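Just so it is clear, none of the values below were taken in a lab; they were calculated from the coordinates. Just so it is clear, the model here is predicted, and its values are computed rather than measured. Backbone-built Cβ (ideal geometry, glycine too); neighbour counts: all protein chains shown.
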Amino acid sequence: MKKFIKYTGVVIPINRDNIDTDAIIPKQFLKSVDKSGFGDNLFDAWRYEDQGEPGADCSGRPLNKDFVLNRKPYRDGSFLLARENFGCGSSREHAVWALRDFGIRTVIAASFADIFHNNCFKNGVLPIALPLADIEWLFARDDEQGAFSMEIDLERQALTSEDGNVYRFEIDEFKKHCLLEGLDDIGLTLQHEPDISAYEARRAKEAPWLFPDLQL
Amino acid sequence: MTGKTLYDKLWNQHLVREADGGDALIYIDRQLLHEVTSPQAFAGLRDAKRVPRRLAANLAVADHNVPTTDRSAGIDDPIAKLQVETLDRNCAEFGITEFNMTDPRQGIVHVVGPEQGVTQPGMTIVCGDSHTATHGALGALAFGIGTSEVEHVLATQCLMARKMKNMRIVLNGALAEGMASKDMILRVIGEIGTSGGTGYTIEFAGSAVENASMEARMTLCNMAIEAGARAGIIAVDQKTVDYLRGRPYSPSGDHFDLAVKAWRELVSDPDAVFDAEHVIDVTDLRPQVTWGTSPEMVASVDDVIPDPADAPDEGKREGWSRALDYMALEPGTQIGSIEVDKVFIGACTNGRIEDLRAAASIARGRRVAPNIKQALVVPGSGLVKKQAEDEGLDRIFIDAGFEWREPGCSMCLAMNADRLEPGERCAATSNRNFEGRQGYGGRTHLVSPVMAAAAAVAGHFTDPNKL
Ligand code: SF4
């Protein structure tokens, strides 16, 4: 995984609650066996006027001109702004892969669904929960004064908007460390192999029916 | 010391390493795999030259995009075919047990697990699918994970996780005739909202849960995720034990007795403290129908479509307006007057034998209304299908004008050929009514199997008891 470094980018506002992973990446694109190539189909049903098919070239498709991802300068944005319960629904990690492919590295919302929240960290995407009042303010900022950019400094746990407002956010220390260093979770867990083996040995005695394969 | 909740007990039993600042490491007893969320996980293993830690802890089944019509000719859609074949190949290469598309035990992963006894009380169970919550009905801690975590569990048999808070939802009272656990869970989601359970594990309790069958309990836990909770659980009781006895993967002989002793402990202590609790009396519950594009947008069949002007806040007002726009519905419309184009009975929510029996009790001796373009019955597994056929339910459905299909996810998420066309309206027993879920531009109303069958024969939603 790539290290999460400090960067500046445009904020893409989608002023909705409950943006589900079916909306982020519709199911027909889940047939892929790869982890990349989903960016053109991010928010497919909202972004295009026609129905998207997996593997098809998106360059000639009719665009929904009103949708924020199709407008300048948002289409080059790297922050996504939404309201409550972002990423609810299906566990599909494809939703995060699509966001990342499109170039979104930070999602700011009032709250997140748990599985989506987890999936973000596995892919170097940072989910930031801010109080609803701040979220409202950011939407209003975009609405009234037009597109704006933010800077993210994960080390300092601070988001700074271009007009100098600073938003501090909370993040689990360990997750922060993994993002900053670009660490691989599986490698980290495998360092605890002795603990895992000890657990299995103990548990196989307590609950042998769970470990028919580990019985002598 | 205060008592422990069922969730606390399950969590403690699986702790490999306590959290040291970050997440804890917990042990995973079972992983269920399917074709959509596993290919990238297997590819990751291969790239890192890793192998699954415990083959016997895994079971794979193709369900999401298998055809539900005659399968002898294979899959038409080349992309779906590649995905299903990739699962077959990965399982063969790594040595994981798979029920492939032609296996009589094949079906929706969340129907197959309990049916085979692969799901057992006291286990931690994961699957790259959010409706893994279903398995919690047997007193297991079961939750959906993403593909990176699928790979993580394959490689380590563990997961980094953080303990959730405890919520109890107490459902008291006796359900009226024609009501189902689907109505209860829709009512719960209507009350607490789709993010009401975020950050919690929900334990369902109360007399209505104690009196519910194992199948009905699975329907409740299935939709815990629609209330925002990754896991829903129900305490073990005699029904749980009876359900597990003699299933192919259940413990047998001395192990069964030993297991039952341990399973009996899987209840919340009387003095356990929950971080949140909701108590709902279901005595007067009426059939529930969703009217919007989120499962929390739900009302009873006697109600009218609400007016966004009456929404509790600005965010909801916009959400309701957008939903009504998408659903092509006007505020004030009687729910019972809404006509549907298609009917879908199946999915991991309501594709079990009891669901098919309930739907058949309505279909028996009646005909699908002329305005219905298609009424599908898709059993949750090959064994459910066979059981239904042994009981003659297939004849009842076919005689009434329903189509009787092969098992799979089907029109729940429309990854195969079963789907809504733009603008079509469907009464569905599945669990999600998101925009486009059942097909681009399709409109989904979530209901119980009884209501779905009633809508099929009446052509519109109606009180099933008045048919
Ligand atoms: S039936 Fe629907 S909800 Fe259940 S596993 Fe299949 S796609 Fe998911």
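From least to most packed, judged by other beta carbons within 10 angstrom and beginning with the fewest, A:T21, B:T333, B:T194 follow the order B:T333, B:T194, A:T21.
Which value at 222 nm does chain B reach when only helices count, each DSSP H run of 4 or more adding -39,500 (n - 2.57), with the total divided by all residues and rounded to the nearest 500 deg cm²/dmol? Value at 222 nm, helices only, nearest 500: -9000 deg cm²/dmol.
Just so you know, the averaged projected area of the alpha carbon convex hull for segment B:30-152 sits at 7.3 nm².
Seen from B:G128, the other residues with C-beta closer than 9 Å to its C-beta sum to a net charge of -2, counting Lys and Arg as +1 and Asp and Glu as -1.
If you scale each eigenvalue of the Cα gyration tensor by 5 and take the root, what three semi-axes come out for chain B, rounded to whole angstrom and sorted largest first? Don't skip to the end; give the middle numbers.
Working: eigenvalues 217, 144, 95 Å².
Each semi-axis is the square root of five times an eigenvalue, giving 33, 27, 22 Å.
Modelled label positions at A:V166 and B:R89, each set 7 Å beyond Cα in the direction of Cβ, lie 5.3 nm from each other. Amide H to amide H distances under 5 Å link B:A140 with B:G122, B:I234, where only residues 5 or more positions off or on other chains count and H is placed in the peptide plane.
Qualifying trypsin sites (Lys or Arg not before Pro) in segment A:20-96, where qualification requires a DSSP coil assignment and no more than 16 other C-beta atoms within 10 Å, comprise A:K65, A:R71.
Histogrammed with a bin width of 10 Å, the alpha carbon distances of segment A:41-139 distribute as 15, 43, 35, 6, 0 percent, first bin at zero.
Subtracting the Cα-Cα distance of A:R71 and A:A140 from 0.36 nm times their residue separation leaves 23.0 nm of extension gain. For segment A:57-109, the alpha-carbon coordinates run over 30, 23, 18 Å along the three principal axes, in decreasing order. Rounded if a/c is under 1.5, else prolate if a/b is larger than b/c, else oblate: which is the protein assembly as shown, with a ≥ b ≥ c the root eigenvalues of its Cα gyration tensor? Judged from the Cα gyration tensor, the protein assembly as shown comes out rounded (a/c under 1.5). Plainly put, segment B:320-467 has a radius of gyration that is 0.96 times its Kirkwood radius, both from alpha-carbon atoms, as the Rg/Rh ratio. With each label modelled as a point 7 angstrom along the Cα→C-beta vector, the B:R322-B:R46 pair spans 3.9 nm. Quick check: convex hull of the Cα atoms in segment A:95-154, volume per residue, rounded to a whole Å³? Residue-normalised Cα hull volume stands at 97 Å³.
Within the same chain, lysines fewer than 8 places from B:K373 are excluded, and of the rest, those with a Cα less than 30 Å from its Cα are A:K27, A:K31, B:K81, B:K182, B:K342, B:K385, B:K386, B:K466. The calculated FRET efficiency for the pair B:R105 and A:A158, based on their C-beta separation and a Förster distance of 41 Å, comes to about 0.15.
If you bin all the Cα-Cα distances of segment B:187-336 at 5 Å, starting from zero, the percentages per bin are 2, 8, 14, 17, 16, 13, 10, 7, 5, 4, 2, 1, 0. Cα to Cα, under 21 Å, and not fewer than 8 places away if on the same chain: which lysines meet these conditions relative to A:K175? List returned: A:K2, A:K3, A:K6, A:K122, B:K163, B:K165. Which whole-angstrom value gives the distance between the alpha carbon centres of segment B:140-164 and segment B:417-451? After rounding, the separation between the Cα centres reads 30 Å. What is the diffusion coefficient of chain A in µm²/s, taking the Kirkwood radius over Cα pairs and the Stokes-Einstein relation at 25 °C with a viscosity of 0.890 mPa s? Roughly 129 µm²/s, to the nearest whole number.
Only helical DSSP H runs with n ≥ 4 go in: add -39500 (n - 2.57) per run for chain A, normalise by residue count and round the 222 nm mean residue ellipticity to 500 deg cm²/dmol.
Working: 8 runs with 68 residues, N = 216.
Here the helix-only value at 222 nm equals -8500 deg cm²/dmol.
Computed from label points 7 Å out along Cα-Cβ, the spacing between B:E314 and B:E391 is 5.2 nm.
Computing FRET efficiency as 1/(1 + (r/R0)^6) for B:D399 and A:I5, where r is the C-beta to C-beta distance and R0 is 45 Å, gives about 0.10.
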